[in-house]
Each structure stands twice: as structure tokens, then as C-alpha cells.
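Enquirer: The structure under discussion is supplied below as C-alpha cells; questions concerning it will follow.
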Amino acid sequence: MTETRQYGFDTLQIHAGARPDPATGARQTPIYQTTAYVFRDAEHAAALFNLQEVGYIYSRLTNPTVAVLQERIATLEGGAGAVCCSSGHAAQIMALFPLMQPGCNIVASSRLYGGTITQFSQTIKRFGWSCTFVDFDDLDAVKAAINDETRAIFGEAIANPGGWIMDVRAVADIADAAGIPLIIDNTTATPYLVRPIEHGATLVVHSTTKYLTGNGTVTGGCVVDSGRFDWSASDKFPSLSQAEPAYHGLKFHETFGNLAFTFHSIAVGLRDLGMTMNPQAAHYTLCGIETLSLRMERHVQNAETVAGWLEKHPAVDHVTYAGLASSPYNALAKKVCPKGAGGLFTIALKGGYDACVKFVDSLEIFSHVANLGDARSLVIHSASTTHRQLSPEQQAAAGASPDVVRISIGIEDADDLIADLDQALEKVS
Ligand SMILES: *Cc1c(COP(=O)(O)O)cnc(C)c1O
């Protein structure tokens, strides 16, 4: 596309990063199913390895199909660059990797995807990193948790599983004052509903497994860099600001400017951690992203209808959907995500754990699966599955107590979804 005008979101979700294949004219982005790329000559090969010329070497690092997806997501998020990887969890490690050293910590919201809480509270300790969890509704607590070794703040714009809203701008201001980046997991919001970089975020991570792909076919992840953080303003980020020993002393920030993080993530992160997205996965996600805005509109419309209906049902104790006027997050939702509060929320059943299990087993259209953001409506009983590894206190803090069921509203007919929920709640009451 010629960059002579500012294209709208619907145009960019189809065209950004892509052009007809120069070799064949193929209109859809081909799946470049290849491991390696022939060098023009030895000099070309050396220039590529020295990062003096940008090109393809080996598909652990870069691949033309994956590159189109990277550019598309970076464009939709308003970032300078992006790197795709094998899953959302891989993206989180890839986001932290250039920032952290042994002894460093991050400050994260206590309301996160259950797997992320486990990754941050347990697994990253093996790298010598640690995480302090705080309630992001309490901005003073966020400030108080930051110390000299803190290298990032991490939160979800629309938090899993309850669909609670984070005041991204307010936390970004705290990160700015501390001279550290804010990383936003934008999986459940998608750039159609929230563009965290516009609210001051430095990095945006995605599980592309969810809404971006949109039909439950492939796992994938992405890290988008805003390109706005000054990595050289302090000595906190030596991998980016100083000579990187893992790339023969290259100074990434000095050499690549606002693309320093992206280049580091490819040249060191993917090279050494190997959490690469494969071109087949990139293809499925590219196809899915073409209809992102249309699907998100329907997810929101259905979620508003279904959540409103559930809220009035006598078997339901409460519904967490931020799009409901009754939600304490409703005003913040209007500010952070004016197009809608997404398609994900939880309900608490008056009958507790047993009622939840019966309810989940009685549904017919809704599938009981450990996924969200599918075109299909999905449910899961978080306490016995995704949040099972957590302590009861962590479960409660994460909004995944035993009486809670997570609902990911799909794009089916809202009337059919309500009829299904109605018959299942009937069995519970
Ligand atoms: C699913 C999910 C992840 C993890 O992504 P995977 O692709 O499953 O590794 C991270 N964050 C959120 C909010 C998610 O929903």
C-alpha cells in the first residue's frame, strides 16, 4: 500500500504489511514453508549476519509469512515494530528477556490470566527474576511496589477472567515517573477495542491464539514495541543501551534507534530462546485478523445482551462484565475502551462449586474448553482448571473463586446463547 493517506482500522486489518507476492502475484500472503534462504553471495551472507542488511537467513529468526503478520499487528497497535513467537506465554518471556537480569523484578497486576500468574510467581524465579503482584485499582500500591531493581510494570488492559478494566494511562504515568516500561497484555481487548500505546504503554503483548486468530486453530504470540522508550536514559537496560555481549558487542539502541527492542528480540531473543512462530500459524492468524473488527463488534454486542440477561437470573449471584451499568468498572470502560468492554466475563452462581460444575456440564452450544476469544462461545470453571495451580487467596484475588464460571461470548445468535444458558441454569436451580 502507498502510505499517502492514513488508512482506517478496517482497511489496515486486511492490507497492512502485505502486498501481492513479487514472484507469482499471489494475492493472499503465501505460506513460505522454508527453513532457509539462499544468499546471493558470501558478502550478502556476511552483511545479513552483521545486521548491516535486513533480510532472511533462517526461519528461527525471520520468515516472510511471519514478517507480514508482525507488520500487521504492529500497525494495528500503532507500534514501531513487532516480533511474533510461538504462544502468548512465549511472548511474555520475550518481552521481559531484553529488560531483565538476575536479581531484577517486575510489578504485575494480581488480576491476570491464571497461567501468567504461575509463570510470574514460579517459573521466572529460575531465571533469577521475581514478581510483586498488586491490585492495580490501588495506584499508591503500584507506586509503593516499585524499587531500584524493578524493570517493568505488567497488566492486562481488559483482565482475564473477569473482564475488569485497567486504567492504562494512570499506570503508564507511574511507569514514566519511575523510568521503566509498561507492558500491556492486550489479548482480551485486541487493538480494535484498546490501543495501549495511545494510553502510554511501552510494549504490548498478545496471545494471538485468541481473538486475533479468532477461531481456535493455532497458538501464537506477539510483542509490539511502541518505539518510544529511551533505553539509554538510565543504566537499567544494558542489553539495549550498552554493548551486548550476546551479539559481539553491538549497541542495539545506538544502532537501531526506535527499533532497538524489535531487533534485539529477533537477533538475540528468537536466536537463543527459539520460541519462533511457524509460517502455518502466521497464515491462520493473518486470515483471522482480516475480520477482527467485525468479530469484535459482534462479541461486544452479544456480551452486552447476554450479560444483561444473566444479571437478572435468580440463580446468578453476580456478573462481572464491565459493559454493564452495575459494574464498578463501567465508567473506566467508557474511558479505556469506548467501543465496548470485550466478550469475556465471569458469573458467580449462588449454588457454589457444585452448581458451577453442573452448569458447565449442561451447556450445549457453549463448549467447556481452556480457551477464549473463539468465534464459538466457551465456558470454563477457572478454579478447577486454568486457576487450579493457584492458592485459594490467589484464586480470590484473580477473581476465580470456586463459585465462578468464566464465559467467553462468541459470535453466534444471542437468542440461541441465552436459550442455552437458560436451560443449563434451569438444571442448577
Ligand atoms: C491465553 C492467554 C495467555 C497465554 O497465551 P498462550 O497463547 O495460551 O500461551 C496470556 N494472556 C492472556 C490474557 C491469555 O488469555
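The values are calculated or read from the model by the stated rules, or taken from the named source; none is laboratory data. Note that this is a predicted model, so its numbers are computed, not measured. With ideal geometry, Cβ positions are generated from the backbone for all residues, glycine too; neighbour counts draw on all protein chains shown. Heads up: the accessible areas ignore ligands, DNA and RNA and are worked out on the full protein's heavy atoms, side chains in. Shrake-Rupley method; radii C 1.70, N 1.55, O 1.52, S 1.80 Å.
Enquirer: From Cα pairs below 8 angstrom and at least 6 apart in sequence, can you work out the relative contact order of the chain, rounded to a whole percent?
Expert: Relative contact order comes out at 17 percent.
Enquirer: Follow-up question, since we're still on this one. Determine the alpha carbon to alpha carbon distance for each of 210/334; 335/427; 143/312; 251/339; 125/236 and list only those over 30 Å.
Expert: 335/427; 143/312; 251/339
Enquirer: OK, next. Mind grabbing the accessible area of residue 428 for me, 1.4 Å probe, Å², rounded to tens?
Expert: Roughly 40 Å² of residue 428 is accessible to a 1.4 Å probe.
Enquirer: Taking θ as phi - 60°, what are the ³J(HN,Hα) couplings along region 385-393 by the Karplus curve (6.51, -1.76, 1.60), each to the nearest whole Hz, with x for Gly and Pro?
Expert: Result, rounded to whole Hz: 9, 4, 9, 5, 6, 8, 6, x, 5.
Enquirer: Counting only protein heavy atoms, what percent of the accessible surface of region 91-213 is carbon or sulfur at a 1.4 Å probe?
Expert: 46 percent
Enquirer: Continuing with the same structure: List the trypsin sites (Lys or Arg not before Pro) within region 142-242 that fall in a DSSP loop (any state other than H, G, I, E or B) and whose Cβ has at most 16 other Cβ atoms within 10 Å.
Expert: Qualifying residues, ordered by number: 228.
Enquirer: Determine how large the accessible area of residue 134 is when every protein chain is in place; take a 1.4 Å probe and give Å² rounded to the nearest 10.
Expert: Counting only protein heavy atoms, residue 134 exposes about 20 Å² to solvent.
Enquirer: Ordered by residue, what ³J(HN,Hα) values in Hz, to whole numbers, does region 94-109 give under the Karplus form 6.51 cos²θ - 1.76 cosθ + 1.60, where θ = phi - 60° and Gly and Pro are x?
Expert: With coefficients 6.51, -1.76 and 1.60, one gets 4, 5, 7, 3, x, 8, 9, 9, x, x, 8, 9, 10, 10, 10, 5 Hz.
Enquirer: Right, here's the next one. Taking H as built 1.01 Å from N, whose amide H comes closer than 5 Å to the amide H of residue 185, not counting residues under 5 places away?
Expert: 155, 156, 157, 205
Enquirer: Along region 329-335, what does the Karplus equation 6.51 cos²θ - 1.76 cosθ + 1.60 (θ = phi - 60°) give for ³J(HN,Hα), rounded to whole Hz, x for Gly and Pro?
Expert: Using θ = phi - 60°, the values come out as 9, 4, 5, 5, 4, 5, 7 Hz.
Enquirer: Also: Using a 1.4 Å probe and counting only protein heavy atoms, arrange 364, 297 so the residue with the most accessible area comes first.
Expert: From most exposed to least exposed: 364, 297.
Enquirer: Give me the percent of the accessible area of region 264-330 that comes from carbon and sulfur atoms, probe 1.4 Å, all protein chains in place.
Expert: It is 53 percent, rounded to a whole number.
Enquirer: Here's something else I'd like to know. Once you keep just the Cα pairs under 8 angstrom separated by 6 or more residues, what percentage relative contact order results for region 292-428?
Expert: Once divided by the residue count of region 292-428, the mean separation gives 29 percent.
Enquirer: Out of all DSSP beta bridges with both ends in region 101-175, state the antiparallel percent to the nearest 5.
Expert: About 20 percent, rounded to the nearest 5.
Enquirer: Which percent, to the nearest 5, of DSSP beta bridges fully inside region 9-288 are antiparallel?
Expert: Antiparallel bridges: around 45 percent, rounded to the nearest 5.
Enquirer: OK, next. Would you kindly find the accessible area of residue 346, with a 1.4 Å probe and non-protein molecules such as ligands, DNA and RNA excluded, rounding to the nearest 10 Å²?
Expert: The accessible area of residue 346 comes to roughly 0 Å².
Enquirer: How about region 345-429: which trypsin sites (Lys or Arg not before Pro) there are in a DSSP loop, with at most 13 other Cβ atoms within 10 Å of their Cβ?
Expert: 388
Enquirer: So how far apart, in nm, are the two label points at residue 6 and residue 301 if each is 7 Å from Cα heading toward Cβ?
Expert: For the pair residue 6/residue 301, the computed spacing is 2.7 nm.
Enquirer: Could you sort 111, 19 by their accessible area in this structure, using a 1.4 Å probe and putting the largest first?
Expert: Ranking 111, 19 by accessible area, largest first, yields 19, 111.
Enquirer: Another question, if that's okay. With a cap of 16 neighbouring Cβ atoms within 10 Å, and only residues DSSP puts in a loop, list the trypsin sites (Lys or Arg not before Pro) found in region 18-78.
Expert: Sites meeting the loop and neighbour criteria: 27, 40, 60.
Enquirer: What residues have an amide H closer than 5 Å to that of residue 134, excluding those fewer than 5 places away on the same chain, when H is modeled at 1.01 Å from N in the peptide plane?
Expert: 108, 109, 110
Enquirer: Still on this model: Over the chain, give the accessible area per residue in Å² for a 1.4 Å probe, as an integer.
Expert: 40 Å²
Enquirer: Can I ask one more? Give me the extension gain from residue 46 to residue 317: residue separation times 0.36 nm, minus the current Cα-Cα distance, reported in nm with one decimal.
Expert: 91.1 nm
Enquirer: Report the net charge of residues surrounding residue 205, where surrounding means a beta-carbon distance below 11 angstrom and charges are Lys +1, Arg +1, Asp -1, Glu -1.
Expert: So the environment of residue 205 carries a net charge of -4.
Enquirer: Which sequence of 218, 168 reflects their accessible areas, 1.4 Å probe, from the largest down?
Expert: 218, 168
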